[in-house]
Amino acid sequence: MRLLTHNMLSCNIKGVTNGFPLRLEVEKFVEKEVEFNSDFLKNMFVKIEWKALVNAARSMGYEELPEEADSSMLDSDEFLKKFHHALLELHLEEGALICPETGRRFPVNKGIPNMLLHEDEV
Amino acid sequence: MSSRPELQAPPEIFYNDAEARKYTSSSRITEIQAKLSERALELLALPNDDMPRLLLDIGCGSGLSGETLSENGHHWIGLDISQSMLNVALEREVEGDLLLSDMGQGLGFRDGVIDGAISISAVQQWLCNADKSCHNPRLRLKAFFGSLYRCLARGARAVLQVYPENIAQRELILGFAMRAGFAGGVVVDFPHSSKSRKEYLVLTCGPPSISTAVPNGKGEDEESCSDDESSGDEENQTVSISDRHRPRKKQKIGKKGRGREWVLKKKEQMRRKGNVVPPDTKYTARKRKDRF
Ligand SMILES: C[S@@+](CC[C@H](N)C(=O)[O-])C[C@H]1O[C@@H](n2cnc3c(N)ncnc32)[C@H](O)[C@@H]1O
């Protein structure tokens with residue numbers, strides 16, 4: 001699972017009002033190279049919760065993202081490269097996603113988060 | 001035995017390892033699913049600007065439908081309830097991210113972040129079933145469409161290719177989509193052919209506008225092969241219900257109910273569509289005794 005997907009996911013257990021961001025428990029992560037497309041990044045930027053991306057990347061040992069970001073930075077190639085790497089090339093392979101409100105743990109195996117809810121969570 | 005898999009077992013059981021492999025290695029199936037996905041992507045009507053979008057593939061299975069999205073340069077997140085199907089997707093090294101998730105429990109995404117969604121041969125089949133005692137199809141449809149509506153960007157579309165079992169089922173699905181706030185309707189390609197006939201629910205997020213008008217189906221004007229056109233069968237056209245505020249059609253039912261003739265006609269229509277319909281007998285449409 002890429003951090004792009006992590007940045008979109010929110011816990012939807014019944015009654016949870018703030019299920020974002022899911023905390024990452026990283027046992028294993030992998031890097032996969034992806035073609036760079038600055039238009040996509042510029043388009044995506046407005047939808048990204050920056051803080052969550054910074055923290056998620058950090059949990060995989062990637063510290064290059066600036067703490068704060070605004071759209072003026074999209075003119076910098078250097079910034080875009082880092083954004084690209086964090087968003088699309090870092091994958092959570094084994095570990096878990098943890099709901100920030102309930103602490104519920106969604107296990108991640110072979111890169112696939114198990115988001116199935118228990119009966120009483122629906 | 002029915003040829004409809006959803007009537008045989010719940011999806012996570014039906015699509016076990018063996019079935020997932022069989023499904024994905026059939027060249028007939030891969031070809032059909034690729035075609036359906038191409039058409040669904042076309043109906044999504046994304047702006048023609050070569051910009052990669054972030055799309056959902058709901059009931060992505062082994063990634064046959066998602067592959068079409070990748071080929072067209074898009075990023076996608078696929079979700080499916082069958083681990084076996086997702087395992088095959090992993091083996092095939094699909095480019096999308098995968099989630100093990102039950103759409104009937106609602107989709108867990110932030111609001112307004114997704115640029116479009118497709119679902120190929122997954123929604124009706126399984127969502128309308130009550131596989132467990134805790135399954136209420138209505139609640140599941142409501143959770144699904146409500147969460148789908150919320151996670152889509154305003155103006156974004158969802159295109160769901162479906163094989164409804166009957167008209168009532170399609171109406172049920174559409175009804176929940178409309179209640180969630182979607183505008184749109186059904187596009188039927190090749191309505192006159194029982195074999196190539198394909199249905200897509202084309203749903204737009206947000207208030208009705210020009211962009212929510214339902215496009216035409218393919219092959220609509222073709223010569224019909226067997227159907228008599230005069231029957232005015234509304235199912236044989238693109239059915240647009242973008243106008244949600246039209247008055248409900250008055251139901252023409254007499255005191256005695258709809259009567260044998262009406263039932264026979266409906267059964268004939270369903271047969272022509274290739275549905276399995278019980279034979280007509282002297283009991284057909286006979287009134288039941290009121291005893292409980
Ligand atoms: C006929 S396959 C289609 C797969 C893929 N879209 C394709 O075109 O090849 C239907 C898929 O829907 C999935 N499915 C059924 N019910 C589901 C549910 N409630 N939530 C998520 N996926 C579901 C099944 O597991 C199966 O993989």
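Assorted remarks:
- Tally of residues being within 14 Å of chain B (Cβ to nearest Cβ), open to solvent by less than 50 Å² (accessible area, probe 1.4 Å) and not in a loop (DSSP other than H, G, I, E, B) across the stretch A:95-113: 8
- Pairs, first open to solvent by 30 Å² or more (accessible area, probe 1.4 Å) in the stretch B:136-151, second among the charged types (D, E, K, R), C-beta under 8 Å, six or more apart: B:LYS142/B:ARG179; B:ARG150/B:ASP111
- Of the criteria (1) at the interface with chain B (Cβ under 9 Å from one of its Cβ atoms); (2) assigned to a loop (DSSP other than H, G, I, E, B), which one A:GLU63 fails: (1)
- When residues of the stretch B:30-72 are limited to those that are charged (D, E, K, R) and assigned to a loop (DSSP other than H, G, I, E, B), the one farthest from the ligand (Cβ to nearest atom): B:ASP49
- In this entry, B:PRO47 is excluded by the filter for residues that are in contact with a Gly (Cβ under 8 Å, 6 or more places away or on another chain), over 19 Å from A:LYS110 (Cα atoms) and either open to solvent by less than 20 Å² (accessible area, probe 1.4 Å) or within 11 Å of chain A (Cβ to nearest Cβ) (or both).
- Hits in the stretch A:7-21 - residues which are more than 9 Å from chain B (Cβ to nearest Cβ) and open to solvent by less than 20 Å² (accessible area, probe 1.4 Å): none
- Top-ranked residue in the stretch B:13-29 [being surrounded by 15 or more Cβ atoms within 10 Å (Cβ to Cβ), not in a loop (DSSP other than H, G, I, E, B) and not aliphatic (A, V, I, L, M); ranked as farthest from the ligand (Cβ to nearest atom)]: B:ARG21
- Counting the residues of the stretch A:76-87 that are among the aliphatic types (A, V, I, L, M) and surrounded by 22 or more Cβ atoms within 10 Å (Cβ to Cβ) gives 2.
The values are calculated or read from the model by the stated rules, or taken from the named source; none is laboratory data. The model shown is predicted, which means the values in this text are computed figures rather than measured ones. Methodologically, a virtual Cβ is constructed for each residue, glycine included, from the backbone with ideal geometry; neighbour enumeration extends over all protein chains shown. Please note that ligands, DNA and RNA were not included when accessible areas were found on the heavy atoms of the full protein model with its side chains. Shrake-Rupley method; radii C 1.70, N 1.55, O 1.52, S 1.80 Å.
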